[in-house]
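Contents: one structure, followed by commentary.
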Amino acid sequence: MHFDVFTLFPGIFEGPLQESILKRAQEMGRLSVAIHNIRDYATDKHHTTDDYPYGGGGGMVMKPDPIFAAVEDVLGMALTTTPVILTSPQGRLFNQAIAWEMAQQARLAIICGRYESVDERVRQFLVTDQVSIGDYVLTGGELPALVLIDAVTRLLPDVLGDAGATLDDSHTNSLLEYPHYTRPAEFRGHPVPDVLLSGHHAEIARWRRRQALQRTWERRPDLLDRAELSPQERQYLEELAGADEGNLPRD
Ligand code: ADE
């Protein structure tokens, strides 16, 4: 999968793309990322990329011309087939389903917004999708772009060693993940739940599923509306709902 990222601050991408899984995915040839500096496409003497807003008001606005020039030059004929995403607090809220959707693409372009905003004609006539990573405002779209790249890359084939790992992820099946433990079996007096040491795979699977249900019910009940649950699991949730607060069933 190939990402073209358009930014005024290419340096922000240096560290994150050169560590851990993102680094390995590039070495494996599963991921490539080209960082393009929008400033290189500003044609005036000072390479201006922002200007005052028409109508007045505070803050600066990213000019449309260097952004159009950069994206058109880099994508060329591929412009008609490549999604062009603008990271923006006004976009649709990013989630795991959108990450899976993006992971099906061969190529994606991401424009990182900066300053107060981006000229509206970029949104109207260049961008095909706007994505927000949460209901808060950052100084720019570079960290959101990295969030998208990270979330999508770990879904690409072979990038995570264990092929099943992404299927158990929190959010993939609208449930939060069950608790995980590793050695030692007892740490500072806190033991690992017996069932995980039992070697009984069906019991372990049942315990994990119930833990996932309980956690989701406690922390993110909004997710349960979308989860695919068996009648027994619905029944279990009803038991949880009926239990006194602070006195929930343990498994
Ligand atoms: N740019 C600034 N804040 C943002 C956010 N929350 N999501 C995406 N892009 C942004």
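Taking the charge dipole of the chain about its Cα centre, with +1 at Lys and Arg Cβ atoms and -1 at Asp and Glu Cβ atoms, the residue from 240, 83, 197 reaching farthest to the positive side is 197.
Once both labels are positioned 7 Å from their Cα atoms along Cα-to-Cβ, the gap between residue 65 and residue 120 label points is 2.1 nm.
Note on residue 170 and residue 241: their simple-model spin labels are 2.3 nm apart, each label 7 Å out from Cα toward Cβ. For the stretch 144-222 versus the stretch 103-135, the spacing of their alpha-carbon centroids is 32 Å.
Compared with the alpha-carbon gap, the fully stretched path from residue 48 to residue 203 is longer by 49.5 nm at 0.36 nm per residue. The region of the chain that goes longest without hitting one of the trypsin sites (Lys or Arg not before Pro) in a DSSP loop, each with at most 10 other Cβ atoms within 10 Å, is 46-187. What shape does the chain take by its C-alpha gyration tensor, where a ≥ b ≥ c are the square roots of the eigenvalues and a/c under 1.5 counts as rounded, a/b above b/c as prolate, and the rest as oblate? It is prolate, given that a/c is not under 1.5 and a/b is the larger ratio.
GNM on the chain, alpha-carbon springs under 10 angstrom: the most fluctuating residue among 124, 105, 96 is 124. The base-10 log of I(q)/I(0) for the stretch 115-182, evaluated at q = 0.27, 0.28 Å⁻¹, reads -1.27, -1.30 [Debye formula, identical scatterers on Cα atoms, solvent excluded]. In percent, how large is the relative contact order of the chain, given Cα pairs closer than 8 Å and 6 or more residues apart? 18 percent. Across the chain, where is the longest run that never hits GluC sites (Glu not before Pro) in a DSSP loop with at most 13 other C-beta atoms within 10 Å? Formally, the longest exposed-site-free interval is 117-227.
The residues of the stretch 33-192 expose, per residue, 55 Å² of accessible area to a 1.4 Å probe.
The values are calculated or read from the model by the stated rules, or taken from the named source; none is laboratory data. The model shown is predicted, which means the values in this text are computed figures rather than measured ones. Note that each Cβ is placed from the backbone with ideal geometry, even for glycine, and that neighbours are counted across all protein chains shown. For the accessible areas, the whole protein counts, side chains as well, though only heavy atoms, and no ligand, DNA or RNA atoms are used. Shrake-Rupley method; radii C 1.70, N 1.55, O 1.52, S 1.80 Å.
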